[in-house]
Amino acid sequence: MNKQRTLDESVTVNRPVDEVFAYVAEFSRIEEWDPAVKSARKLTAGAPGVGTRFQVDMKAGFSLSYEIVEFEPDARLLMTVRSRFFDAREEILFESAKGGGTTVRYIATFDFSSPLSGLDSAFPGLMDRVGKSAMRGLQEALQDDFDSAATTRRSVLPGLWRFSKLGYAASRKRFRPMAADLRDRHMVITGATSGLGLATARALAARGAGLTLVVRDEKRGAKLVEDLQAESGNDDIALQICDMEIMSEVSALADRLLQQGRPVDVLVNNAGALFNTRAVTREGLERSFALLLLAPFILTEKLHPLLAAAGGARVINVSSGGMYTQKIHLDDLQFERGKYAGPVAYARAKRGLVIISELWAEKWRDDGIVVNAMHPGWADTPGVEQSLPGFHRLTRAILRTPEEGADTIVWLAAATEAAQVSGKFWLDREQHPTHALRRTRETGEEREELMAELQELMVALAPARKRQRKRKAS
């Protein structure tokens, strides 16, 4: 004999009903607020609506299959649930609360199969506790009032295991929900066609952010936009073509964005590659220096007006743990002396990017622009496989997925509490020191000299007609 059980729980949060509905309707986020859930994912493409299906894997070792069968925007969701233990109908109602905010009411009817029909009698109150716990989690997520101070890590340098997927799994237990509404935010991401950039774009598109994706290959870029729009149901995704190794193209990209005039809420400087042999670009710049340091410097400096116009903008610079081994070499920024080593050139450039991040954070504090750098850990990306094949073979079993590597980028772009801290270096949503060795530390004078050197190069490489206009104006 089957047995039915009904839960009816409500919470009220101080958020507009459209934001609350948008967060809950993307039901794959349930893992952020239901402590009984291990993971969840959407199985169908497009924005949530009738027919959208989700798989929810429970910490207890079984899975639930959800399907939206009725969908009333900003008002009501009705979902059917299937599992080997029970079937259910879950209705979630959304209503503007008196005095402001939103009341969310969750009504679920569970139909336990015969072998489990006595479960509720054997464990009285279990279902009620599960339901109340989930709704408390949802309320906490939607209140979105988390303290950034809790994300500080005190160790000088994490053990190397923390760069692996094991480190990500350990840190993930402390992650907080990200319930900020991104639907009116504009985010620019460089290097978006693969690896960390692609994972970042996917995650932010799913959360409704407007995206400008900067890629080198127009054909691949057009396919990327098409795929992301289909996957997420988000049509606010645009494409910009730019070879980030060529500074004239970087300047032209910035000029196009400035001409469009759309404020930039988030800039993700992600484009990168590791070159095992030294080579120079057609502008005569060493490739690692050009791509990893000078390009993000020029793009960010030139987009400052759009960042300032956004009000509370964020700049996220993707660095590397290899940075810990290197000091900035101001007398050899382009690795012209000694035997060239690709990983060293890469690490030096990333060290420079972290220094610049800290200087921008100070310089632009009064503009409300938050600038942070991050380390993705050891992620299994096409770049790692191609540039470091030996390392990739040895560590493949413990490499992070691109999504795990990109998680901190997404968090820095989306989380409300991430806007409270600027000028820091992050791994797995936790602050980390930028130096592990005394020999890598730079002086204050060296920091200012680096900024001046990059500024001089930016001016020197500016298109000729712009330099002429500046001379005439002077």
> What aspartates and glutamates sit close enough to K223 to cross-link, taking a C-alpha to C-alpha distance under 17 Å and skipping anything fewer than 8 places away on the same chain?
Replying inline: E231, D235, D236
> Can you pull the three principal axis extents for the Cα set of segment 163-251, in Å, largest first?
Replying inline: 43, 30, 22
> How much accessible surface area, in Å² rounded to 10, belongs to the heavy atoms of W378 with a 1.4 Å probe?
Replying inline: 60 Å²
> Can you list the residues, at least 5 places off or on another chain, whose amide H is less than 5 Å from the amide H of G191, using H built in the peptide plane?
Replying inline: V214, A271
> Which of the aspartates and glutamates could be linked to K363 by a straight reach, that is with a Cα gap under 18 Å, when you skip same-chain ones fewer than 8 residues away?
Replying inline: D265, E301, E445, E446, E448, E449, E453, E456
> So who's got an amide H within less than 5 Å of the one on K38, skipping anything under 5 residues away but keeping other chains? H placed 1.01 Å off N, in plane.
Replying inline: D57, M58, K59
> Which whole-Hz ³J(HN,Hα) couplings does segment 88-103 yield from phi under the Karplus relation 6.51 cos²θ - 1.76 cosθ + 1.60, θ = phi - 60°, glycine and proline marked x?
Replying inline: 7, 10, 10, 10, 10, 10, 10, 8, 4, 8, 5, x, x, x, 9, 9
> By average Cβ neighbour count within 10 Å, what is the ranking of 189-198, 75-84, 451-460 from highest down?
Replying inline: 189-198, 75-84, 451-460
>> How much of the pair distance distribution for segment 320-474 lies past 21 Å, counting alpha-carbon pairs only, in percent?
In response: 57 percent
>> Can you tell me which aspartates and glutamates have their Cα less than 13 Å from the Cα of K350? Leave out same-chain residues fewer than eight positions away.
In response: E358
> Sequence-distant or interchain residues sharing an amide H contact under 5 Å with R15, placed H: which?
Replying inline: G101, T102
>> Taking a ≥ b ≥ c as the square roots of the Cα gyration tensor eigenvalues, with a/c under 1.5 meaning rounded and otherwise prolate when a/b beats b/c, else oblate, which class fits segment 273-379?
In response: prolate
> Of all DSSP beta bridges in the chain, what percent run antiparallel (nearest 5)?
Replying inline: 65 percent
> What is the distance in Å between the Cα centres of segment 359-379 and segment 50-77?
Replying inline: 37 Å
>> For the chain, place one equal point scatterer on every Cα, skip the solvent, and apply the Debye formula. What is log10 of I(q)/I(0) at q = 0.08, 0.13 Å⁻¹?
In response: -0.52, -1.21
> If all Cα-Cα distances of segment 1-79 are sorted into 5 Å bins from 0 onward, what percent lands in each bin, rounded to whole numbers?
Replying inline: 3, 13, 21, 23, 22, 12, 4, 1, 0
>> Which residues does the label zone of Q139 cover in segment 76-103, counting backbone N under 14 Å from a point 7 Å along Cα→Cβ?
In response: 102-103
> For the chain, what is the relative contact order in percent, using Cα pairs closer than 8 Å and at least 6 residues apart in sequence?
Replying inline: 14 percent
> For the chain, what does -39500 (n - 2.57) per DSSP helix run (n ≥ 4), summed and divided by total residues, give at 222 nm, in deg cm²/dmol to the nearest 500?
Replying inline: -11000 deg cm²/dmol
> DSSP H helices in the chain with Cα extent of 15 Å or more along the helix axis and mean Kyte-Doolittle hydropathy at least -0.5?
Replying inline: 126-143, 195-206, 247-260, 342-363, 402-414, 444-460
> Taking the Cα centre of the chain as the origin and placing charges on Cβ (Lys, Arg +1; Asp, Glu -1), which of A75, L461, G131 is farthest toward the positive end of the dipole?
Replying inline: L461
>> Relative contact order for segment 1-110: what percent, with Cα pairs under 8 Å and sequence separation of 6 or more?
In response: 29 percent
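The values are calculated or read from the model by the stated rules, or taken from the named source; none is laboratory data. Since the structure is predicted, the reported quantities are computational estimates derived from the model, not experimental observations. FYI the Cβ positions are ideal-geometry reconstructions off the backbone, even for glycines, and counts take in every protein chain you see. Side chains included, ligands, DNA and RNA excluded: accessible areas come from the protein's heavy atoms. Shrake-Rupley method; radii C 1.70, N 1.55, O 1.52, S 1.80 Å.
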